[in-house]
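Below: the structure, in structure tokens.
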Amino acid sequence: MTSANTSTKKSSADIDILDLAGTKAKGQRPYFLADKQVEQVLSIAMAVATELAVTRERLASLEAVLAEKGIISADAIEQFSPSAKHTAARSLDTQEYLARILRIVQQDKEEISQDDKSMEQLQRELTQTD
Amino acid sequence: MSNVKTLPSWRALTQHGVMPQANHDEAARLNVLTHLNLHLSSRVIPGLRQVYEKHVHPAFVKEHGREPETRHEVRKVMMEDGYCQLWSALRRNTMEMRHQTGRAMVLRQADALSKKVEQLNKGCDTLQLDPTIEVPANISQVDIHCQPGCYYQEYYDQDVTVAASYDVGLFVTTAGLLGALSDGGGQAIANWLKAEHPNFKPKRILDLGCTVGHNAVPLAQAFPDAEVIAIDVATPCLRYAHARAKSLGVDNISFVQANVESLPQYADESFDLITSAMFWHEASHKMLPKALKTVQRLLKPEGLTIHLEQPQYHGKSVFEQFMRDWDTYNNNEPYWGPMHDLDLAEQLDKAGFDGSAMFEVGVVAKVDEKIFGKSAAGDSGEDFGRAPVWNAFGLWKK
Ligand SMILES: C[S@@+](CC[C@H](N)C(=O)[O-])C[C@H]1O[C@@H](n2cnc3c(N)ncnc32)[C@H](O)[C@@H]1O
């Protein structure tokens, strides 16, 4: 038992939001890939991919707002309330975006289920004479 | 036309009175992570069965001359497979990104949130905090589901950020399927009670481990004349939960800081209904029997106790067990596997109930179908425990 229900700081002015937002969970982090640094690069790539998606979303909102109102204003984007049609289009767009980024995983899955042959193997088979 | 199902936006969630505000990009980030979870469960996970059936299983049988007997044997060989490793790395990473996004969002508005919470809670005797309550080992030792600060951490005085971040993230980790107030679990229990036991009118209801109270609220609304008592040990969660319920106009719940291991403040046989949602898989083996004994002591004869959980592993293939068990080791859920191995009827028996009276039932919430679409029960890909068909177990006390 520990009594950790109490805070050590008086106010939220004393906290470092950047560090605290990204802080790790207690306990050793499992790494899954053979090379820890490759996995770290994967983590960075996924974060970058997310940020690009966010930028795409913002652009889409901007375009929609421009079309709707004919003005450019940051506030209009913040306040933009997407229609059901817009939301559905964004949802589909995000799914396509993720499918592009994670294509290599999909292709690995297909190769597993299709038992693809190597080119050497195909070459052997196709260059056989009777 | 594409047959791909579209997801609602995080912004479709109900803005209850203490709901953290997401700016445009924060909402977009949460939406991408929600889609990423959907991508992993519907498009990547099905490949794992292929990997197992085509490569990993035959290799195991060849090497050992027998079938794998336990999920742990399956885990050992699966986690050496590249496809499984890549999926695992992506899934862990998605979880971590979800926490960072939620925390960044709530921390920047920490003061505003605390103020709103304090305002709503001021002078209410329905929030009963007890600073002498110790955080039990089952949550103080581990940041459950990789949530930094777990449920109880306060970074400054009157902090509610861990609770708010939990509320923000429920939509993301369940791929948007719990409804506009993320209360699908509580709704499912309430619906089931009304449909199957229309004459059951509980006057006093106890909810164990209520966290932000999202599943206690629909119960309180379904039984407006009942007194609901929602228990947790975590201060920030209780503060936030109480303010959240208040802002939704729900006044018949008391949020009480207490440890469910004993609850001496409540008299024997003083509750008609005792519930929990996704609680037992976070209970250590030391705490679980004590908490069940508490339930047994507090429940009235003819009363009902019912608990939402994932199904037990017993009777499932070792591969499915391995899939369901991933969180135990890789998402900081150390009790997940051990809990799903328990014979629940036997546990109820040991707690003094008649374990043979235990029932299991699948309950489904119909959450705001206009916004959230039909419940994904049945139509989603195989996702081993992420679909919102809730498995409930319980019994009527004789
Ligand atoms: C998985 S969460 C429950 C989730 C929530 N009921 C829901 O529907 O999403 C577990 C909760 O139980 C609380 N808890 C854990 N051990 C406890 C104990 N011994 N007594 C009271 N609450 C406890 C934790 O603080 C946490 O809020």
**Item:** helices (runs of 4 or more DSSP H) contained in the range A:18-127 and holding at least 1 residues surrounded by 12 or more Cβ atoms within 10 Å (Cβ to Cβ) and facing chain B (nearest Cβ under 8 Å)
**Value:** A:36-69, A:74-79, A:84-101, A:103-114
**Asked** Has the range B:327-335 got at least one residue that is at pLDDT below 95, in contact with a strand residue (DSSP E or B) (Cβ under 9 Å, 6 or more places away or on another chain) and assigned to a loop (DSSP other than H, G, I, E, B)?
**Response** no
**Selection within the range B:134-158 - of a type outside the set (D, E, K, R) and at the interface with chain A (Cβ under 7 Å from one of its Cβ atoms)** = B:V135, B:P136, B:A137, B:S140, B:V142, B:C146, B:Q147, B:P148, B:Y152, B:Q153, B:Y155, B:Y156
**Message:** The conditions are (1) within 16 Å of the ligand (Cβ to nearest atom); (2) open to solvent by 10 Å² or more (accessible area, probe 1.4 Å); (3) among the hydrophobic types (A, V, I, L, M, F, W, C); (4) in a helix (DSSP H, G or I), and B:L177 fails exactly one of them. Which is it?
**Reply:** (4)
**Message:** Can you tell me which of (1) on the phi > 0 side of the Ramachandran plot; (2) of a type outside the set (S, T, N, Q); (3) within 15 Å of the ligand (Cβ to nearest atom); (4) not in a loop (DSSP other than H, G, I, E, B) is the one B:E302 doesn't meet?
**Reply:** (3)
**Message:** Residues to consider are B:E69, B:E80, B:E63, B:E26; find the one that is open to solvent by 50 Å² or more (accessible area, probe 1.4 Å) and assigned to a helix (DSSP H, G or I).
**Reply:** B:E63
**Fill in**
Checked against (1) charged (D, E, K, R); (2) assigned to a helix (DSSP H, G or I); (3) surrounded by fewer than 20 Cβ atoms within 10 Å (Cβ to Cβ); (4) facing chain A (nearest Cβ under 10 Å), B:R91 satisfies every condition except (3)
**Asked** Is there a residue being within 14 Å of another protein chain (Cβ to nearest Cβ), assigned to a loop (DSSP other than H, G, I, E, B) and closer than 22 Å to B:L238 by Cβ anywhere in the range B:159-168?
**Response** yes
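From the residues in the range B:206-218 that are more than 10 Å from the ligand (Cβ to nearest atom) and surrounded by 24 or more Cβ atoms within 10 Å (Cβ to Cβ), which one is farthest from the chain's Cα centre (by Cα)? I'd like the intermediate steps shown before the answer.
The initial filter retains those residues of the range B:206-218 that are more than 10 Å from the ligand (Cβ to nearest atom), namely B:206, B:217-218.
Adding the requirement that they be surrounded by 24 or more Cβ atoms within 10 Å (Cβ to Cβ) leaves B:206, B:217.
Numbers: B:L206: 17, B:V217: 15 Å.
Once the filter is applied, the top-ranked residue is B:L206.
Residues checked against (1) within 11 Å of the ligand (Cβ to nearest atom); (2) over 21 Å from the mean Cα position of the chain (by Cα); (3) buried (at least 19 other Cβ atoms within 10 Å of the Cβ):
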residue: B:A243; (1), (2), (3): no, no, yes
residue: B:G249; (1), (2), (3): no, yes, no
residue: B:I253; (1), (2), (3): no, no, yes
residue: B:N259; (1), (2), (3): yes, no, yes
residue: B:S262; (1), (2), (3): yes, yes, no
residue: B:A267; (1), (2), (3): no, yes, no
residue: B:S270; (1), (2), (3): no, yes, no
residue: B:T275; (1), (2), (3): yes, no, yes
residue: B:M278; (1), (2), (3): yes, no, no
**Asked** Taking B:A230, is it within 14 Å of chain A (Cβ to nearest Cβ) and either assigned to a strand (DSSP E or B) or more than 13 Å from the ligand (Cβ to nearest atom) (or both)?
**Response** no
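The values are calculated or read from the model by the stated rules, or taken from the named source; none is laboratory data. None of these values were measured; they are calculated from a predicted model. Note that we place each Cβ from the backbone using ideal geometry, even for glycine, and neighbour counts take in every protein chain shown. Calculation scope for accessible area: heavy atoms of the full protein, side chains included, ligands and nucleic acids excluded. Shrake-Rupley method; radii C 1.70, N 1.55, O 1.52, S 1.80 Å.
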